[in-house]
Structures are given as C-alpha cells and as structure tokens.
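The values are calculated or read from the model by the stated rules, or taken from the named source; none is laboratory data. Source: prediction; values computed, not measured. Virtual Cβ from ideal backbone geometry, glycine too; neighbours counted across all protein chains shown.
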Amino acid sequence: MKKCLLIIALLFPLFSPRVGADDYQLIRNYIVAEVQMGKTQSYFARTLKVSDATISLFVNNKVTSSPKLLRNFKSRLPAVYKELTTPKKASKKKKVVAKIAIAKRLDFEAETVKSEEEAPVEIVKEKLENNSHNVQNAIKNLLNKPSQIKVDRKKITSAKPAPIVIAFRDEGSGKGAFYDHYTVQKATKYPTLISAHPKMRLKSLKDHSKTITYRLKHGVEQEGQVIPESIDNFSDQGLLFIPGRIRDNEFEPVRKEHEENILKQARLRGQPILAVCAGSWRLWEALGGKLEEVSDHSYGGGMIRLNEMGKIGYNKQIHRIKVESNTLLNDIMNISKETDRPSVNSVHWKAPSEKKIPSLVRVSAKAVADNKIAPNTRQGTQMKPQNDTIEAFENQYGAPLLGIQWHPEAYTKNDSDEMTPDKHIAILEFMAKAGQAYHHKRLMLKELEEVTQKH
C-alpha cells in the first residue's frame, strides 16, 4: 500500500496541470497589451478582484507571480486564458504580440529615448525621419482605399471627450484631490482620470466623497459615490493637469517622483500640459529652470476651497498680471489692449527665477501689484505683493505646455466682471481642447497603423 501511494505521489505532478512562469508571462503580456490599447489597470483590478497595487506590481514585473490573480483570471476570463495557453489556438497570442508591437512603435520616443537631454540628436532625428517615411508610404497606400479612410475617419471624429489626467495629491484627507477633479470637470465639462504613484492613498478621495452632499459628474460609481478612475498608462488620453500643493507637503518625495516621471512621459509624447500654482514649479524645474522665494504673495486667510454646498470660497484676488503680447496665453485670454491687467488669485511663496530661463521657453505673464485689490493679512495689514515676478510661462514650439501661478479652475461664470472670469476659464477650455486634438492624433496613428498592417 505504501509503495502504491509513493508511486501515485511521484506520478501525480506529471499528469496534473502545472502553472509555470510562462502562464504568468502570457497573462502579463495580455494585460499590458490591453492597457496600451485603452483599458485601464483599474479595470483589471476590478475584473480579477485584486487590488490596484497588485495589478501595478504584476504588470511592472515587480511581482512575478500571484496565485490569487491567476486563479481569478482562470475563473473570470476563462475564454481568454484558454486562448492564451492553448498552443493550437494562437490567435490571441498573435493579437497580444501585435498590440504590443503597435504600442511600442507609437511610443517609440518613450521606449528609445531616456530623456531629451541624454538622447543624441542623431538618434532622435533618425527615428523621426523613419517614422515620417513610414507614415507617408502608408498614406500613399490608403489613397486608393477611400472607403477605408471614410470608416476610420468616422471612428476618430465620433470619439468621446478625451479625459483630462490629473496628478493625484493626497492632501486634506481627500479634499485636495476632490477639489481638483470637481473644479476641472465643472470648468471644462470633460471627464477626468487619476494618475497616482502606487504608494499614494487613493482611498482618501473616496472617504471624503462620503462626507459631502454634492458629487462629481464624471467617474465610476463606487458605494454610492462617483470616483474618477485611476490610470497608469495615459498615453492615449487628453490633457495632463498638474495641481498645486500646500506648504506642508512641499518636500513630499513620492509625489515629486511621480510628477517628474509623468511630466517626462508627456513631454516625450508631445502631450499638452497645464500646470497650476506649485504644479507650475514642477514643470519649470522639469524644463531646467530654478525657483526663488517671493514676498507677500501667500494669503494667510485661507486657501481656495469648496464649501459645504460645493461653492468655491476664499477666491481672493491678490494682484494683477501683465500678459506679454505675441504669446499663446495672450491669445487664450483675449487680451485686446496693452493696458489690460487681469486680476489673479495667485497664492504662492515661490516663483520661477529669471536668472535661468529654460531654452525654448518664454515668460508669458508677470505680477503687477495693485493696492486697490490686495487683501489684508491676518495681522490686519495690507499685502504688498512683489512686482515683476514670473506668473506664467509657455513653450515656444510643439504641443502647448503652460505653467501658471494662479488658479483658473477657481473662477466661475457667476463671478463679478471685475474678476474677468471668462479670461481664466478660457485657459482650461483651450487646454482641454488641445488635449482632445492630441487624443485624435493618437487615434489616427493607431488607425493608420492597423490599416497598413492589413494591407
């Protein structure tokens, strides 16, 4: 009897299904490919009943195996698993490989160029020339297929509004992040998504949403609340929005690392960026600039916030700005006269330094003090904001990158005419549309890639 049991124990592994590294790699490749083509890691986390962190670590190969993920993948996506692991049915594998190849070719800048500063000019030039040549050949091949072009154009023009990706900030137990999404959605009418570091506490946003009576318009229903979806790969989305931060979180390393990383990705792809308040400092430094301390720009009466009714409070106008002529910002805000000096709710303790202005960047607005609008400090004395500090900057070429010290998202059409709310709201509206144009370009490139593969 003992000999029989021993023989069975030895033979059982040979006849029982085994889970090897190949199965995990196939699943990892499948998830990566689907994310590259538009699905989110949060979608797979919900589908497979695992945490966002598990999916993120698994996809980035920081965790090589997860029995729970594999078990749930088999039970919840049985058809996909069968196609991935059955040699006779390799169609799914081919699709996965094809999708990864497409995504890699479309993101060739991010894959081959570590940074704009480190990459040799010859390599970038060669890549651009090769890509341009391929696109030209593809267009020539498509000229004889007008019906196909018509179908693909319909797909692109019928695309939904491109979500605005907002860098997550874990401040005020979720209040800061909720403010960002609520005000940006309200000003632009566009949906928003979250870009966050795996170590950030996204739960704080959901917890805060349970304590208030008003809700976000766009998001995913979770326990009666509307919460923006978290996304890791935002290459095919719209505008990237970098918000500000409070002084206490000035040196938060996790957030700094994450924002530097996503700014680098967006710049390599040519994705529009709008950075406000302290977010503009991050963009300025990413472009190679330095910061300096400024005096009497930080209002001590309270930061801009939402009240219990969802209305914006503490929207204090600190000083005015002079917008430079022949700039993108001038066109967006429709500054018709040289003497126009819009007031701004600019609350900050640092500013970009003019001692080192990054190349291909120009200053588009500077501070102008005005005693008629400057509020009082907590001590009762009137603020005297420093003159001529940099309030806005922009790039000179490529997709629009705009850094501004004030908060355009805090203005509403109900504000007084003296506050010129339309000029500030126009900034968000324009940049959201720039994100939409970028999104359409990405769709067009993908459609073109797929059609050229077919023919």
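Worth pointing out:
- A single entry from A392, A351, A432 fulfils the requirement of being over 16 Å from W284 (Cα atoms), within 29 Å of the chain's Cα centre (by Cα) and surrounded by 17 or more Cβ atoms within 10 Å (Cβ to Cβ): A432.
- Every test in (1) modelled with pLDDT under 80; (2) part of a helix (DSSP H, G or I) is passed by T54 save one, and that test is (1).
- Residue match in segment 378-387 (condition: closer than 21 Å to H424 by Cα, crowded, with 17+ Cβ neighbours inside 10 Å and either modelled with pLDDT of 95 or more or touching a Lys or Arg at 6+ places or on another chain (Cβ under 8 Å) (or both)): no
- Residue in segment 9-17 that is in a helix (DSSP H, G or I), at pLDDT 80 or above and not assigned by the TED database to the domain that holds L268 present: no
- Strands (runs of 3 or more DSSP E) lying entirely in segment 196-258 (those with 2 or more residues that are over 24 Å from E308 (Cβ atoms)): 240-242
- Criterion (charged (D, E, K, R), more than 16 Å from D180 (Cα to Cα) and either buried (at least 23 other Cβ atoms within 10 Å of the Cβ) or touching a residue at least 24 places away in the same chain (Cβ under 8 Å) (or both)) met by exactly one of K206, K217, K199, K210: K199
- Evaluated against (1) polar (S, T, N, Q); (2) crowded, with 20+ Cβ neighbours inside 10 Å; (3) touching a strand residue (DSSP E or B) at 6+ places or on another chain (Cβ under 7 Å), N307 falls short on exactly one condition, (2).
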